[in-house]
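What follows is a structure written as structure tokens; I'll ask about it next.
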There are 2 protein chains.
Amino acid sequence: MNDSRTLAIEYARQNRERFLKELMEWVAIPSISTSPEHKQDIQRAAEWVAGQLQAMGMENVQVMPTGGHPVVYGEWLGAGKSAPTILIYGHYDVQPADPLELWDNPPFEPAQRGEYLYGRGMSDMKGQVMASLKAVESIVRSGTLPVNVKWLIEGEEEVGSEHLGEFIQTHKDLLACDLSLNPDSGMMSPTQPTITYALRGLMYAEIRVYGPKRDLHSGLFGGAVHNPAQALAELIAGMHDENGRVTLPGFYDKVRPLSPEERADLARLPISDQALLQQTGAPALWGEPEYLPVERIGARPTLEVNGLLSGFTGEGSKTVLPAWAMAKISCRLVPDQTPEETFRQLVAYLEAKAPASIRWEVRNLHNARPAITDRNNIGIQALSRAMQTVWGIPPLFKREGGSIGAVVFIQKGLGAESLLTGFGLPDDNVHSPNEKLHLPTWEKGIEALIHFFYNLKP
Amino acid sequence: MNDSRTLAIEYARQNRERFLKELMEWVAIPSISTSPEHKQDIQRAAEWVAGQLQAMGMENVQVMPTGGHPVVYGEWLGAGKSAPTILIYGHYDVQPADPLELWDNPPFEPAQRGEYLYGRGMSDMKGQVMASLKAVESIVRSGTLPVNVKWLIEGEEEVGSEHLGEFIQTHKDLLACDLSLNPDSGMMSPTQPTITYALRGLMYAEIRVYGPKRDLHSGLFGGAVHNPAQALAELIAGMHDENGRVTLPGFYDKVRPLSPEERADLARLPISDQALLQQTGAPALWGEPEYLPVERIGARPTLEVNGLLSGFTGEGSKTVLPAWAMAKISCRLVPDQTPEETFRQLVAYLEAKAPASIRWEVRNLHNARPAITDRNNIGIQALSRAMQTVWGIPPLFKREGGSIGAVVFIQKGLGAESLLTGFGLPDDNVHSPNEKLHLPTWEKGIEALIHFFYNLKP
């Protein structure tokens, strides 16, 4: 057992140059999903990675059509029913590369300089998919995989995973799994391996407030009818109390409290107030005073105004008393809130607070459930120990504030949580010129994934 | 004295048919100020009315250029320095006439049907200017004017009196007067002569609230920075208390209280809650509970949101935490508030209430002072008695909620208040097809103006 683990790591080290060569070959294919003229490159990149799966002995490998770009599938189920099945997620599509003149090498002619490989998609996320591929290849070439694996490598992540949800729904049995490994996240620094174990959900709504039947002259009627823009402002203002807490009835009832251990872990994250101020340019931080900013972003629910529109918004002055006012309002949710219940709370708030002097309507435009992987989950335990083995320190545990399409769809379609990790770094220039991959970290990542799979052995 | 008054009224009655013929002649000129192709008609209409002034013995009659359409001027100052000088305001331009197919006669081929004359501009306001012209003509043809008169007949009222302010500023001495008569208002019904003695002023501002330096992902940062749209909503919501009173510091300090007599007069106005609800289509009326709607519109200051804009306002959902939010805010003002002081109160409010978590700026875009004519003013007394003589009942006294360019410019440039009246009726279809003039009311109007001028005799 320890022997085969060691052999796999030996294999990875011995084949390092070939791994790099193959990664550069893949990155050379400009599989930009945002522009139709790269349709053939998309297909080539999908077939290239299908070839990798085939070559390392994965079974049932397919490039499967969707409503958009194809999904690459492969599996190895030889570990049997007593072993867990891990769905390894990835995407083979990349962002556009412009502005081209800011690149030091052409984005699709990958180059090595010092400890880095440069090219579009090198970190996000062809490099990450390759780390998973090469970890599994290293195991299967030097022993036997201790778990079942399935691969789900999509081509539309950079355009919002538009067809992934439908694809997963229609292939539930094929994709059935115990846990998903999603290496599309990253590390806080080369010495700080990181596991993201939770993402916030979303409830997105549009509120419209109606007053007079048409825009009125504010001089002829102002003072006798309730201005809908004012009424909307009053409703929005009442959605937070003076401490920045959301006032929708029952909003916090289902919020899972943070344990002292979890709060201690979140407090360890190297995210300073100063760094947040610099990143956002906001004059000051804001929010629930009893929580750290990193908790408020990752582990606490919020209510945001995403848009406002009413009346006259052009240059200059027009004395209109608007007929209606609109707000886009969304809530970021944490376990065990649900978007459906949150929407009902918003409706209840409006029913209780909206005055009789206006009419209102609210529509629920988009929902995503919050995602969390229990810290005692075998996947988290296995990855945590793997990282400790490779880096010599336990990983950072992180919650992220946004939603990720693949995570939401896998949770919804397959009932499986995702383990978010990866070996990219904050300065990898993802989505920017000179995107790069830090090779020493990437190689450690391959070794950590080898340990991860062995640690999962029942 | 009573003799000459009677002679003037006799003259008006005897010349009724000619007056109508001349009014129809003037209305036949399509002096539409909104469209450039009517430039020659505008000129013709100006010269036509200048000809009327000349023919009745006015002096120094001129068609004077402005930056836009010309102003017609004329004067008779033979009453001497001990007599008041009345500036009679009017406009010779009219609204466009479309949709033409809804007219029963072509809009610029005036027709008489029953008690009405039909045509564009018949009520608004060629008919009203003619009532003033024919009242003065009747006096000067049968006796001597007891006061000095000046005429200011502009051609841009329907396009916002764009060049009138500048014209008045550059002709202050020429236009100097004690009081302006502005017959561009109207009566509540044929049996209810009306004097509008006050208009509200205006302070119009744009507020911008800034948060992060660019739009942020609401998932990645929501909860840690203050959402500018939310902050703006909070600031706007705080601008009224729960009774609909404006909370800007000192806002009501200079508001002249309504006397019991004035409140009684305003309460007599035939403006019902039901009518306001029907006119506006609002679900309910709103505002300071201790004042009637007619008082809230005419005699109380207000603060309105005229426009709101922030973040994403298109179809669907975008999870943006906006970098900024904008509101257009305006206050309707009553004596003795000033726009300048009101703007300072808005700034003071923002200074006191805006949190440190956002930045803000506010710009003052437009101002107009409130206008009021003292109810003991000799003009109001003279007109009131004149109306009582003609209709057999005292007039209604009304305050209006909007501003009127000519009133503001005459107040600002000449220091004179305006007496707003007129003999148009609510169902005259001004700005609509089949605009009409009720001839019995119009004829009473001429007689009332004859009495008005005689009543002004010192």
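Might you let me know whether the stretch B:214-235 holds any residue that is touching a residue at least 60 places away in the same chain (Cβ under 8 Å) and within 30 Å of B:Pro394 (Cβ to Cβ)?
Within the stretch B:214-235 (the criterion being touching a residue at least 60 places away in the same chain (Cβ under 8 Å) and within 30 Å of B:Pro394 (Cβ to Cβ)), the answer is no, since none of the residues qualifies.
Residue-by-condition table, conditions (1) touching a helix residue (DSSP H, G or I) at 6+ places or on another chain (Cβ under 8 Å); (2) among the small types (Gly, Ala, Ser):
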residue	(1), (2)
A:Met188	no, no
A:Thr196	no, no
A:Leu199	yes, no
A:Met203	yes, no
A:Val209	yes, no
A:Gly219	no, yes
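Let me ask something else. May I ask you to list the residues in the stretch A:365-409 that are farther than 29 Å from A:Val71 by Cβ and either of a type in the set (Lys, Arg) or not assigned by TED's automatic domain parsing to the domain that holds A:Leu164 (or both)?
A:Arg375, A:Arg385
Given the criterion of a type in the set (Val, Ile, Thr) and assigned to a strand (DSSP E or B), identify the matching residue among A:Ile236, A:Ile207.
From the options A:Ile236, A:Ile207, the qualifying one is A:Ile207.
While we're looking at this one, here's another question. Can you tell me which residues in the stretch A:209-234 are more than 7 Å from every other protein chain (Cβ to nearest Cβ) and under 16 Å from B:Ala233 (Cα atoms)?
Those that are more than 7 Å from every other protein chain (Cβ to nearest Cβ) and under 16 Å from B:Ala233 (Cα atoms): A:Val209, A:Pro228, A:Ala231, A:Leu232.
Here is a follow-up. Taking the stretch A:106-116 only, how many residues are touching a residue at least 60 places away in the same chain (Cβ under 8 Å) and in contact with a Gly (Cβ under 8 Å, 6 or more places away or on another chain)? Steps first, answer last, please.
To start, the set of residues in the stretch A:106-116 that are touching a residue at least 60 places away in the same chain (Cβ under 8 Å) comprises A:107-110, A:112, A:115-116.
Filter once more, keeping what is in contact with a Gly (Cβ under 8 Å, 6 or more places away or on another chain): A:107-110.
Count: 4.
So which residues in the stretch A:36-78 are part of a strand (DSSP E or B), of a type in the set (Val, Ile, Thr) and buried (at least 23 other Cβ atoms within 10 Å of the Cβ), if there are any at all?
A:Val71, A:Val72
Failed condition for A:Lys81, given (1) without any contact (Cβ under 8 Å) to a residue 40 or more places away in the chain; (2) in a strand (DSSP E or B); (3) farther than 30 Å from A:Asn429 by Cβ; (4) of a type outside the set (S, T, N, Q), with all others met?
For A:Lys81, the failing item is (2).
For the structure I just gave you, tell me whether B:Trp324 is touching a helix residue (DSSP H, G or I) at 6+ places or on another chain (Cβ under 6 Å) and within 12 Å of another protein chain (Cβ to nearest Cβ).
It is true that B:Trp324 is touching a helix residue (DSSP H, G or I) at 6+ places or on another chain (Cβ under 6 Å) and within 12 Å of another protein chain (Cβ to nearest Cβ).
Could you give every pair whose Cβ atoms fall below 7 Å, whose first residue belongs to the stretch A:117-128 and is modelled with pLDDT under 95, and whose second residue is surrounded by fewer than 24 Cβ atoms within 10 Å (Cβ to Cβ) and part of a helix (DSSP H, G or I), counting only separations of at least 6 or pairs across chains?
none
Which one of these does B:Thr191 not meet: (1) in contact with a strand residue (DSSP E or B) (Cβ under 9 Å, 6 or more places away or on another chain); (2) surrounded by fewer than 23 Cβ atoms within 10 Å (Cβ to Cβ); (3) touching a residue at least 12 places away in the same chain (Cβ under 8 Å)?
Result: B:Thr191 fails condition (1) only.
How many of the residues in the stretch A:210-230 are touching a Phe, Trp or Tyr at 6+ places or on another chain (Cβ under 9 Å), crowded, with 23+ Cβ neighbours inside 10 Å and outside any loop (DSSP other than H, G, I, E, B)?
Residues in the stretch A:210-230 being touching a Phe, Trp or Tyr at 6+ places or on another chain (Cβ under 9 Å), crowded, with 23+ Cβ neighbours inside 10 Å and outside any loop (DSSP other than H, G, I, E, B): 3 in total.
Is it the case, given these coordinates, that B:Ser310 is within 10 Å of another protein chain (Cβ to nearest Cβ) and in contact (Cβ under 8 Å) with a residue 12 or more places away in the chain?
Against the criterion (within 10 Å of another protein chain (Cβ to nearest Cβ) and in contact (Cβ under 8 Å) with a residue 12 or more places away in the chain), B:Ser310 qualifies.
Mind checking which pairs have a first residue in the stretch A:428-449 that is over 27 Å from A:Gln388 (Cβ atoms) and a second that is of a type in the set (Asp, Glu), Cβ under 6 Å, 6 or more apart or different chains?
A:Asn429/A:Glu435; A:Asn434/A:Asp104
With the requirement that a residue be free of Cβ contacts under 8 Å to residues at least 12 places away in the same chain, in a loop (DSSP other than H, G, I, E, B) and either more than 8 Å from chain B (Cβ to nearest Cβ) or surrounded by fewer than 23 Cβ atoms within 10 Å (Cβ to Cβ) (or both), what does the stretch A:239-282 give you?
Within the stretch A:239-282, A:Asp241, A:Glu242, A:Asp253, A:Pro257, A:Ser259, A:Ser272, A:Gly281 qualify.
Okay, moving on. In the stretch B:301-326, which residues are of a type in the set (Gly, Ala, Ser), closer than 12 Å to B:Tyr210 by Cα and outside any loop (DSSP other than H, G, I, E, B)?
B:Ser310, B:Gly311, B:Ala325
Considering B:Arg375, B:Arg369, B:Arg363, which residue is within 25 Å of A:Leu220 (Cα to Cα), under 23 Å from the mean Cα position of the chain (by Cα) and within 14 Å of chain A (Cβ to nearest Cβ)?
Numbers: B:Arg375 fails: within 14 Å of chain A (Cβ to nearest Cβ); B:Arg363 fails: under 23 Å from the mean Cα position of the chain (by Cα).
Residue meeting the stated conditions: B:Arg369.
What are the pairs with Cβ atoms under 6 angstrom where one residue, in the stretch B:135-155, is over 11 Å from B:Leu77 (Cα atoms) and the other, located anywhere, is of a type in the set (D, E, K, R) and not in a helix (DSSP H, G or I)? Sequence gap at least six, or different chains.
Final answer for the pair search is B:Gly155/B:Asp93.
Filter the stretch A:188-209 down to the residues that are touching a Phe, Trp or Tyr at 6+ places or on another chain (Cβ under 7 Å) and at pLDDT below 95 and list them by number.
Listed by number, the list holds a single entry, A:Tyr197.
Look through B:Glu166, B:Glu162 and report the one residue that is among the acidic types (Asp, Glu), part of a loop (DSSP other than H, G, I, E, B) and touching a residue at least 24 places away in the same chain (Cβ under 8 Å).
B:Glu162
Just checking, which of A:Ile404, A:Ile358 is within 14 Å of chain B (Cβ to nearest Cβ) and modelled with pLDDT of 95 or more?
So the residue among A:Ile404, A:Ile358 that is within 14 Å of chain B (Cβ to nearest Cβ) and modelled with pLDDT of 95 or more is A:Ile358.
If only one of B:Glu290, B:Glu341 is of a type outside the set (Gly, Ala, Ser), over 30 Å from B:Pro458 (Cα atoms) and either away from every other protein chain (no Cβ under 14 Å) or crowded, with 20+ Cβ neighbours inside 10 Å (or both), which one is it?
So the residue among B:Glu290, B:Glu341 that is of a type outside the set (Gly, Ala, Ser), over 30 Å from B:Pro458 (Cα atoms) and either away from every other protein chain (no Cβ under 14 Å) or crowded, with 20+ Cβ neighbours inside 10 Å (or both) is B:Glu341.
Does B:Gly165 qualify as being within 18 Å of the chain's Cα centre (by Cα), more than 8 Å from chain A (Cβ to nearest Cβ) and more than 20 Å from B:Leu87 (Cα to Cα)? Walk me through how you get there before you give the answer.
Values: within 18 Å of the chain's Cα centre (by Cα): yes; more than 8 Å from chain A (Cβ to nearest Cβ): yes; more than 20 Å from B:Leu87 (Cα to Cα): no.
Judged against the criteria, B:Gly165 is not a match.
Could I ask something else about it? Of the conditions (1) modelled with pLDDT of 95 or more; (2) within 20 Å of B:Gly222 (Cα to Cα), A:Thr280 fails just one. Which one is it?
(1)
Can you confirm whether A:Leu309 is farther than 16 Å from B:Ala231 by Cα and either out of contact with any Pro (no Cβ under 8 Å at 6 or more places or on another chain) or in the same structural domain as A:Ser218 (by TED's automatic domain parsing) (or both)?
no
OK, next. If I ask for residues that are out of contact with any strand residue (DSSP E or B) (no Cβ under 6 Å at 6 or more places or on another chain), facing another protein chain (nearest Cβ under 7 Å) and touching a residue at least 12 places away in the same chain (Cβ under 8 Å), which ones from the stretch B:293-304 would you list? I'd like the intermediate steps shown before the answer.
Initial filter on the stretch B:293-304 (out of contact with any strand residue (DSSP E or B) (no Cβ under 6 Å at 6 or more places or on another chain)): B:293-297, B:300.
Then keep just the ones that are facing another protein chain (nearest Cβ under 7 Å); that gives B:293, B:296-297, B:300.
If the condition is that a residue be out of contact with any strand residue (DSSP E or B) (no Cβ under 6 Å at 6 or more places or on another chain), facing another protein chain (nearest Cβ under 7 Å) and touching a residue at least 12 places away in the same chain (Cβ under 8 Å), then B:Pro293, B:Ile297, B:Arg300 are the ones that fit.
When only residues in the stretch A:391-401 that are surrounded by 20 or more Cβ atoms within 10 Å (Cβ to Cβ) and outside any strand (DSSP E or B) count, which is farthest from the chain's Cα centre (by Cα)?
A:Pro395
The values are calculated or read from the model by the stated rules, or taken from the named source; none is laboratory data. Note that the structure is a prediction, hence the values are computed from the model and not measured. Please note: Cβ atoms are built from the backbone with ideal geometry, for glycine as well, and neighbour counts cover all protein chains shown.
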